[in-house]
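*Asks:* One structure, pasted below without further comment.
The values are calculated or read from the model by the stated rules, or taken from the named source; none is laboratory data. Computed from a prediction, not measured in an experiment: that's the story for all the values here. Cβ placement follows ideal geometry from the backbone for every residue including glycine, while neighbour counts extend to all protein chains displayed.
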Amino acid sequence: MEVVGKIIQVLPAQEGVGRNGNPWKVQPYVLETLDQYPRKVHFEVFGEDRIKMNPCDIDQLVTVSFDIESREFNGRWYTSIRAWKIQQGDMTQAAAVPGAAPAAAPVAAPAAPAAPAQAAMDPVANVDPFDASAGDGTSDLPF
């Protein structure tokens, strides 16, 4: 999955040592989408190598590719959004940027399927179903 937005917070990194003795590090961020009604999304980048490969700053426009995972602990469920790739800028509009990959050619609308032979003989088949004048006037509907 992907989400496009602006980084509004870079939260403090968390680190520790797992049960197996291996160190771990998580960098959380908060992104605000660019929709008409913006939403805030809290996501994390897990692993020191991914954190270094995907640096983010406040007010930076990014496209975040992520996985959503839920897990249960003591009868409660917790959901996390883990980013695996962060691209600088809005990649959904990359075709408008010079030097970007060319946009796909527009697709022509499919041709209307041929009407069955019975429909050609039926006088009601060629009537617009939303045309009020096409009915017999006995309908009790208010429209």
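*Asks:* From the list 12, 38, which one is within 17 Å of the chain's Cα centre (by Cα) and not in a strand (DSSP E or B)?
*Replies:* None of the other options fit; the residue is 38.
*Asks:* Checking the structure you have, find out if any residue of segment 26-35 is more than 14 Å from the chain's Cα centre (by Cα) and outside any strand (DSSP E or B).
*Replies:* Scanning segment 26-35, I find no residue that is more than 14 Å from the chain's Cα centre (by Cα) and outside any strand (DSSP E or B), so the answer is no.
*Asks:* Related question: From the list 18, 47, pick out the single residue that is at positive phi and either touching a Pro at 6+ places or on another chain (Cβ under 9 Å) or at pLDDT below 95 (or both).
*Replies:* Result: 47 is the single residue among 18, 47 that is at positive phi and either touching a Pro at 6+ places or on another chain (Cβ under 9 Å) or at pLDDT below 95 (or both).
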